[in-house]
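One structure below.
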Amino acid sequence: MLKVKFIPQNKLIEVESGTNLLKAADQAGLYVEGDCAGKGTCGKCRVKVIEGNRGDPTDAEKEQLSDSELKAGWVLACTRKVEQNCVVEVPLQRDAYTRKTTMPGGVENLEAEPFVEKIAVKLDLPALKDQVADLERLLIKLDRPNLTVNLRELAGLPALLRNNGFSVTVVISGSRLISIEPGDTTDQLYGIAFDIGTTTIVGSLLDLKTAAVLAVAAATNPQNIYGADVISRITHASQVKGGLKQLQDKVIGSANEIIRDLLRQTKIARDHVYEIVIVGNTTMSHFFMGVDPAYLAPAPFIPAYSRALDVEASELGLKINPAGRVVFLPNIAGYIGSDTVGVILATNMDRRRDICAAIDIGTNGELVLVANGKLTACSTAAGPAFEGAQIKQGMRAAAGAIEAVSYVNGDIELSIIGNTPACGICGSGLIDAAAALLDAGLIEPSGRFINPEENPDEVPACFKDRLRRGPGGFEFVLVPGAKSETGDDLVLTQGDLRELQLAKGAIYAGLMILLKEAGISENDLDQVLLAGAFGNYVRKESALTIGLLPQLPPEKIIAVGNAAGDGSKMALASKAVRARALTTPEKVEHLELSTRPDFQDIFVNALPFRNN
Ligand code: FES
């Protein structure tokens, strides 16, 4: 066995010779990005070897890292095998959640009407003339003779009643008695709403008596080590022995970390949390529940189930009241999950009578259109470009990410998250950068950088050194010498622009097909709602400039925050909304884009940038 010490986290582990550093970091409980699932193609898993285990760079490292990075000891964790004891530096994870936990929106005006109820009772004491059994005595008092009771509660009932003078509080969820507590605890009634994203998991703790959100916590979805996209993870689950369990353990573990954080923030006892309501895409639903998603990946994309699943918390190992219920809301189709149900609930799309589209851009893109009271939806393989994946120096919206770029007074201005030097570019920055460079005349509407060698006069003097030939074609230097250690520049490459075009083309084409199917055009849209953190922060003007959105007046484009997560909070806090959630899938017509003969043409037409 060989020793690997990770700094600055100061974790020491032992691994077998030949284990790669990505697996070793995972074994040490450390998070290293692994967008390409260890194929050596994304370049995101870079760590720095400080001592030992220095060897010749792998082919993937030569491809993904600059000479100065290689010289400084940077390696790709997924391709670098441990052959000696070593010390490895893992970059500290930057907080990429603030945008997801502080977005406006929510359930402020919702009337609390929780599914879980608490009733305090004082029972008559048994006597020789009143020999009714303890459980029946309780159920008669409640006037709920048909409640089901689990053995765990029944086992402790006689002592519980007698130790508390026959005064107890009963917790009921639907037809189940889930807990019996000493005394009157009716003021302690809590639940947690989760939004399980492919990239980020967000949990919100609610007081179910008032529907108030008491705390929010988030974490990176640790399944990321098996790939940034759902297909890589499905492949891992179906092809690696024990893979499905690994994926389930990762997401349940992360949910438990979030629960711990929420309880710590609010000082609420875990036993007083009685319900969890979750939204997520269909694949996340399968992983969370430990159900084989293998047939979701190939056509015809069949999930194992689409209905809502309702299980006991102890079955999944979730650290709330063990008898608490865990409800994963229903999915609409293989690639349109309960997160889209959440968007529909939070934006009232199931009740609107105007013409409105909602676009939820995350690691995938889901679109919903309501027209004449009819709901249609589709999903597009927008790819994770908007989350910074597949972008050479892309990153999520964390400290150091370029989040906004503008072309002002003949120069490019940048805005960076946090008080820190730029170290990458996130989705909103990427769209802004493309729009700004279009405005500056450095990108053609086709998406190509203008050729500074053939057309030197077209490049403004101030950009002459910044638009240059790079290893993969032309590239624009956003921040010269951004990487202080190596002096490397932070660049936007031609490949990045192509990724952006593919992603925005897929979203736009999906929307055009929904409109076409409804027999209307983009001019008929009364509103376009942008859901999700990305939708909240993207600048409408830039999204319009690059043709991500239809050419509507900006006031018709509205950011609605984390609508999927809001939908889950609403379904947790309100029985009426829960009932709507359960019937929403049957009201939505799903359009499968891959079977549409017109998709390819519409998609290809949607690829160019339009510079208005
Ligand atoms: S290059 Fe290592 S995970 Fe992608």
Alpha-carbon centroids, segment 258-276 and segment 392-471: separation in whole Å: 44
Between segment 181-213 and segment 495-552, the Cα center-to-center distance that results, in Å: 34
Subset of 250/504; 5/71; 267/540; 122/209 violating a 29 Å alpha-carbon distance limit: 250/504; 267/540
Cα centre as origin, Lys/Arg/Asp/Glu Cβ charges: segment 386-499 dipole, Debye: 260
Degrees, to the nearest 10: 494-517 long Cα axis against longest axis of the chain: 50
Extreme residue, positive dipole direction of segment 165-256, given options 223, 203, 255 (C-beta unit charges): 223
Fraction of beta bridges assigned by DSSP in the chain that are antiparallel (%, nearest 5): 70
222 nm mean residue ellipticity, helices alone, for the chain (DSSP H n ≥ 4; -39,500 (n - 2.57); rounded to 500): -8500 deg cm²/dmol
Cα-centre dipole for the chain with unit charges at Cβ (Lys and Arg positive, Asp and Glu negative), debye to 20: 1420
C-alpha long axis of helix 243-266 to longest principal axis of the chain, angle in °: 70
Degrees separating the helix 151-163 axis from the principal Cα axis of the chain, which is the longest one: 50
Sorted peptide list for 531-543, 574-586, 302-314, criterion being average Cβ within 10 angstrom, highest first: 531-543, 574-586, 302-314
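By accessible area of protein heavy atoms, probe 1.4 Å, what ranking do 245, 504 get, highest first?
245, 504
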Formal net charge of residues neighbouring residue 181 (Cβ-Cβ distance under 14 Å; K, R +1; D, E -1): -1
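Considering only protein heavy atoms and a probe of 1.4 Å, how much of the accessible area of the chain is carbon and sulfur, as a whole percent? Don't skip to the answer; put the middle values down first.
Numbers: 12560 of 24980 Å².
Heavy-atom surface of the chain belonging to carbon and sulfur, 1.4 Å probe: 50 percent.
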Candidate lysines - alpha carbon under 24 Å from residue 245, same-chain residues fewer than 8 apart omitted: 23, 39, 319
Selected from 455, 443, 482, residue furthest toward positive end of dipole (segment 386-499; charges at beta carbon): 482
Order by protection proxy (mean Cβ within 10 Å, highest first), peptides 184-193, 599-608: 184-193, 599-608
Filtered trypsin sites (Lys or Arg not before Pro), segment 162-215: DSSP coil and at most 15 other beta carbons within 10 Å: 209
Length-normalised contact order for segment 384-543 - Cα pairs under 8 Å, 6+ apart - percent: 21
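The values are calculated or read from the model by the stated rules, or taken from the named source; none is laboratory data. Everything numeric here is computed off the predicted structure, so don't read it as measured data. So basically every Cβ, Gly included, is an ideal-geometry build from the backbone, and we count neighbours across all protein chains shown. For accessibility, only protein heavy atoms count, side chains too; no ligands or nucleic acids. Shrake-Rupley method; radii C 1.70, N 1.55, O 1.52, S 1.80 Å.
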